[in-house]
Amino acid sequence: MALEQTVRKPKPEATTAASAAAMKPPLETAEDKLARLERENAALKAEVAARPMGGVFRMKISEKGGLSVYGLGRFPVTLYKEQWIRLLDHADEVRKELNDPANKFSTKPLGK
């Protein structure tokens, strides 16, 4: 008669409340959370300040066929081909008005 060997499987460890608490990361206090968020906010502000003013100037044809110009302000300027041609036909007049010292244009730093 052959002897049967029984293999004993190790019993899973019973998790106690203490061992479960040791596995969880410690809870963040309100002061710690405030300090962390202030650091993240400062890092994001520094990142925005380091960007070139007005963003990167780029152009893209929109889904509807207009030409969008990005980097002038918060939103892109989008015109259709005919509108761009009409605007560019008057570029000299626009430059003249912008350079005329009698006109009181308000100025705004790019990207702000």
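I need the shape label for region 58-99. Rule: rounded when a/c is under 1.5, else prolate if a/b > b/c, else oblate, with a, b, c from the alpha carbon gyration tensor. Note, shape of region 58-99 comes out oblate. For N99, what is the net charge nearby, where nearby means another residue's Cβ is under 15 Å from its Cβ and Lys, Arg count +1, Asp, Glu -1? Its environment carries a net charge of -1. Each label was represented as a point 7 Å from its Cα along the Cα-to-Cβ direction; for F105 and V69 these points are 1.2 nm apart. The HN-Hα couplings worked out from phi for region 73-86 by the Karplus form 6.51 cos²θ - 1.76 cosθ + 1.60 (θ = phi - 60°) are x, 5, 10, x, 9, 10, 9, 7, 3, 4, 5, 5, 4, 5 Hz, whole numbers, x standing for Gly and Pro.
The numbers here are math on the coordinates, done by the rules we state, and not lab data. Quantities reported herein were computed from a predicted structural model and do not represent experimental measurements. Glycine gets a Cβ as well: all are built from the backbone with ideal geometry, and neighbour counts include every protein chain shown.
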